[in-house]
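Scroll down for the structure; my scribbles are underneath it.
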């Protein structure tokens with residue numbers, strides 16, 4: 001009996017055979033960490049914004065706010081990474 005994870009990867013492999021390379025990277029990718037999850041979320045939201053008609057102003061504003069929230073979280077993530085690096089570098093020098 002195959003494990004659930006193996007079955008999941010087999011299904012993803014089958015899907016990948018029918019998807020353009022350009023779309024494959026963000027469409028069916030399994031994020032490996034927080035940074036990649038946030039980046040993929042931002043990419044998905046930005047792509048979805050392209051398909052919302054101009055007449056749906058509230059939906060556009062909602063998506064723009066969500067994109068802003070994700071980018072804000074990504075910025076906070078990077079700031080925390082830099083802070084950790086700076087702290088570790090400071091302890092290495094002493």
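Within the range 50-77, the residues that satisfy the criterion of being assigned to a helix (DSSP H, G or I) and in contact with a helix residue (DSSP H, G or I) (Cβ under 8 Å, 6 or more places away or on another chain) are 60, 63, 64, 66, 67, 70, 71, 73, 74, 77. With respect to the conditions (1) assigned to a loop (DSSP other than H, G, I, E, B); (2) modelled with pLDDT under 65, residue 10 falls short on a single one, namely (1).
Quick grid of which residues meet (1) modelled with pLDDT under 85; (2) within 22 Å of residue 74 (Cβ to Cβ):
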{"site": "16", "(1), (2)": "yes, no"}
{"site": "20", "(1), (2)": "yes, no"}
{"site": "25", "(1), (2)": "yes, yes"}
{"site": "28", "(1), (2)": "yes, yes"}
{"site": "33", "(1), (2)": "no, yes"}
{"site": "39", "(1), (2)": "no, yes"}
{"site": "42", "(1), (2)": "no, yes"}
{"site": "49", "(1), (2)": "no, yes"}
{"site": "55", "(1), (2)": "no, no"}
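The values are calculated or read from the model by the stated rules, or taken from the named source; none is laboratory data. Here the structure is a predicted model, which is why all the values come from computation and not from measurement. Neighbour counts run over all protein chains shown; Cβ positions are idealised from the backbone, glycine included.
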